[in-house]
Amino acid sequence: MIDELQLPTSVQARAADIHIRRATSDDLEAVTRLLGDDAISTSRGDGISDANAAIYAAALQRITDSPGNELIVALDSAGAVVGMLQLTVIPGLSHRGRSRLLVEAVRVSSAERSSGIGGALMRWVMDRAIRETGAPLVQLTSHGARTDAHRFYTRLGFADSHLGFKYDADQGAPAEHAG
């Protein structure tokens, strides 16, 4: 299903076209930089460091090797990675067997926020990825502290319909900083 995504492609952001494609190992430093360009992610240890390099490389390999998963990057006109998100198709039984397209790790460079890149990425998910993967239901979670992101998703038409829970087995307690 996920391999049906017609990539690479270009979409219109507010300021300019952005190029969307599957991430490769060459994108690892830029993707890690995006993770570290976020206060919540940084608080749980995400970001560029020598200690994390092997961890992120292995994680990217697991994503690219796993059917039903993609790490997507958005590039500006100069070819710099300015955004990312992870897509996972989850086969479903409820909703009469409909699959879900799970969106995770949505990040846009802090220098590019409010430029329309996040909206362009999410509209691509909602317009193209749904059709191309055959998963008509898109879902995501967002950390409770990300109030700007919550307004963003609501403006795009996402409903605040469910309450999410996480358990961090490494901590043996609820995952306060997960997500």
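The values are calculated or read from the model by the stated rules, or taken from the named source; none is laboratory data. The structure displayed is predicted, hence computed values, not measured ones. No Cβ is skipped: glycine too gets one built from the backbone with ideal geometry, and neighbour counts run over all protein chains shown.
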Being over 17 Å from Glu104 (Cβ atoms), touching a Gly at 6+ places or on another chain (Cβ under 6 Å) and buried (at least 16 other Cβ atoms within 10 Å of the Cβ) is the filter here, so list the residues in segment 1-59 that pass it.
Ala13, Gly47, Ile48
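Yes/no matrix, rows are residues, columns are (1) surrounded by 15 or more Cβ atoms within 10 Å (Cβ to Cβ); (2) modelled with pLDDT of 95 or more; (3) in contact with a Gly (Cβ under 9 Å, 6 or more places away or on another chain); (4) closer than 16 Å to Ser41 by Cβ:
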| position | (1), (2), (3), (4) |
| --- | --- |
| Val89 | yes, no, yes, no |
| Gly92 | no, no, no, no |
| Gly97 | no, no, no, no |
| Arg100 | yes, no, yes, no |
| Val125 | yes, no, no, no |
| Gly134 | no, no, no, no |
| Asp148 | no, no, no, yes |
Condition broken by Leu85, with the remaining ones in (1) under 14 Å from the mean Cα position of the chain (by Cα); (2) hydrophobic (A, V, I, L, M, F, W, C); (3) at pLDDT below 95; (4) within 25 Å of Thr147 (Cβ to Cβ) satisfied
(3)
Hey, Ser114 outside any strand (DSSP E or B), under 27 Å from Gly47 (Cβ atoms) and at pLDDT below 90 or not
yes
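If we scan segment 136-152, do we find a residue that is more than 20 Å from Ser25 (Cα to Cα), among the aromatic types (Phe, Trp, Tyr), out of contact with any helix residue (DSSP H, G or I) (no Cβ under 9 Å at 6 or more places or on another chain) and not in a strand (DSSP E or B)? Break it down into steps so the answer makes sense when it comes.
Initial filter on segment 136-152 (more than 20 Å from Ser25 (Cα to Cα)): 136-152.
Remaining after also requiring among the aromatic types (Phe, Trp, Tyr): 152.
Add one more test, that the residue is out of contact with any helix residue (DSSP H, G or I) (no Cβ under 9 Å at 6 or more places or on another chain), and what stays is none.
Checked against the condition, which is being more than 20 Å from Ser25 (Cα to Cα), among the aromatic types (Phe, Trp, Tyr), out of contact with any helix residue (DSSP H, G or I) (no Cβ under 9 Å at 6 or more places or on another chain) and not in a strand (DSSP E or B), segment 136-152 yields no hits at all.
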Considering only segment 52-108, how many residues are part of a strand (DSSP E or B) and on the phi > 0 side of the Ramachandran plot?
1
